[in-house]
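Worksheet for the structure shown next.
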């Protein structure tokens with residue numbers, strides 16, 4: 001109980017700064033931060049499951065209705081619904097209409113299937129594989145940010161089980177590729193769930209939520225989240241803003257920027273169930289994540305892999321900045337030496353693979369991209385499954401994640417960091433003189449955001465995306 005009161009006291013001191021975002025333009029609104037009437041389990045038809053094509057069509061219709069209040073333009077809304085909805089990719093012509101394996105793509109918390117779209121495009125085109133690729137929409141996602149408070153862990157688990165079951169009669173086995181929360185749900189499916197039909201053959205876990213940074217076990221305390229929310233509400237003057245960890249303008253059509261207090265509870269419950277599972281994990285597992293990830297604990301993922309993943313065909317693709325490698329050379333050298341299944345990538349070249357430091361070379365600052373105006377210092381949590389060619393998150397994309405500056409209410413640097421399209425449409429940037437320091441991309445640390453040097457945008461894509469796809473192709477046997 002002392003722990004609870006300590007957390008509440010700390011939050012009471014910190015939260016007043018959160019409410020000021022509303023004074024600057026990112027205000028609570030019933031249209032975005034209330035709840036919609038969208039059904040959570042759009043795959044259900046009474047007591048039975050819908051065929052996948054019907055599920056996709058019905059989900060699109062439900063998303064269109066739910067997003068109408070925040071996207072009144074019919075043409076724009078229809079385009080966005082198409083991008084955030086679940087999908088089945090067409091089989092390559094060479095397959096003659098017959099798939100060899102299925103792949104289910106599962107997005108993360110506050111995301112949508114759009115985040116997995118590039119990966120789906122690439123996997124569906126792999127020569128000779130004949131993969132039937134599908135993505136699902138987790139309940140509470142894709143509609144409005146307020147819907148993130150609605151689902152529970154059981155509904156997420158039911159969604160991923162529906163996704164695997166949907167392949168029955170079409171393929172003999174299915175591979176599950178999950179990002180962040182989706183990766184945790186994939187692990188829970190094989191460690192705690194009943195056998196699936198068709199069976200799961202392997203797992204592909206991208207930026208897996210195995211250990212969260214800044215993780216308080218509120219879900220293990222009776223009414224812990226409710227107490228936390230009560231403190232937030234009191235600190236905000238008992239307004240609806242108190243139900244939110246952050247309120248932003250939500251300029252990203254594919255991902256909620258605003259984030260409610262209750263949203264992480266189902267994830268933390270599933271994470272605990274994965275941690276305490278006793279069933280052996282015998283399947284091949286491919287994991288890919290950034291050492292610098294500020295959302296999840298990369299070392300927890302490495303520890304999980306080494307302790308729980310015994311299949312010799314398993315692999316880890318660890319993206320690690322040269323500066324991180326140089327700062328902890330013994331730790332990373334031991335990783336590669338003790339488990340040959342772990343590969344470290346510290347740059348774009350063929351010579352930039354390995355977990356040991358080349359002491360004859362100074363650490364390269366822009367190791368993952370050094371084009372003018374596009375220095376990429378590290379990979380991030382959110383960019384691993386995304387192609388540099390993505391028109392929204394990619395190199396030439398119209399969206400940059402600069403929310404770290406929004407959190408600090410540093411509007412000049414926020415407005416200097418975002419894309420020109422965002423800046424033009426952001427109420428927060430009206431009357432603000434944008435900062436003009438050089439822009440870099442990576443995984444922003446607190447020290448980076450508080451510094452007065454270059455602007456840091458959170459990298460929204462994977463500069464090594466093609467190599468990731470190649471590794472997955474080799475992994476899928």
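The values are calculated or read from the model by the stated rules, or taken from the named source; none is laboratory data. Model, not experiment: these values are computed from the prediction. In this analysis, Cβ positions are derived from the backbone assuming ideal geometry, glycine residues included, and neighbour counts consider all displayed protein chains.
Restricting attention to the range 263-290 and to residues that are out of contact with any strand residue (DSSP E or B) (no Cβ under 6 Å at 6 or more places or on another chain) and assigned to a loop (DSSP other than H, G, I, E, B), the residue that is farthest from residue 474 (Cα to Cα) turns out to be 263. When you go through (1) touching a strand residue (DSSP E or B) at 6+ places or on another chain (Cβ under 7 Å); (2) surrounded by fewer than 22 Cβ atoms within 10 Å (Cβ to Cβ); (3) without any contact (Cβ under 8 Å) to a residue 60 or more places away in the chain one by one for residue 417, which number turns out not to apply? It fails just one condition, (2). Mind checking whether some residue in the range 186-201 is part of a strand (DSSP E or B) and either modelled with pLDDT under 95 or touching a helix residue (DSSP H, G or I) at 6+ places or on another chain (Cβ under 6 Å) (or both)? Checking the range 186-201: at least one residue is part of a strand (DSSP E or B) and either modelled with pLDDT under 95 or touching a helix residue (DSSP H, G or I) at 6+ places or on another chain (Cβ under 6 Å) (or both).
Comparison of 290, 334, 300 shows that the only residue that is in contact with a helix residue (DSSP H, G or I) (Cβ under 8 Å, 6 or more places away or on another chain) and either touching a residue at least 40 places away in the same chain (Cβ under 8 Å) or surrounded by fewer than 17 Cβ atoms within 10 Å (Cβ to Cβ) (or both) is 290.
Yes/no per residue for (1) in a helix (DSSP H, G or I); (2) buried (at least 20 other Cβ atoms within 10 Å of the Cβ); (3) modelled with pLDDT under 95:
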site	(1), (2), (3)
59	yes, yes, no
78	yes, no, no
102	no, yes, no
109	no, yes, no
114	yes, yes, no
133	no, yes, no
146	yes, yes, no
154	yes, no, no
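Screening the range 320-418 for helices (runs of 4 or more DSSP H) wholly inside it with 2 or more residues that are more than 29 Å from residue 284 (Cα to Cα) returns the ranges 322-327, 403-407, 411-417. The residues of the range 306-319 that are buried (at least 16 other Cβ atoms within 10 Å of the Cβ) and in contact (Cβ under 8 Å) with a residue 40 or more places away in the chain, listed by number, are 315, 317, 319.
Summed over the range 30-54, the residues that are in a loop (DSSP other than H, G, I, E, B) and under 29 Å from residue 250 (Cα atoms) give a count of 10.
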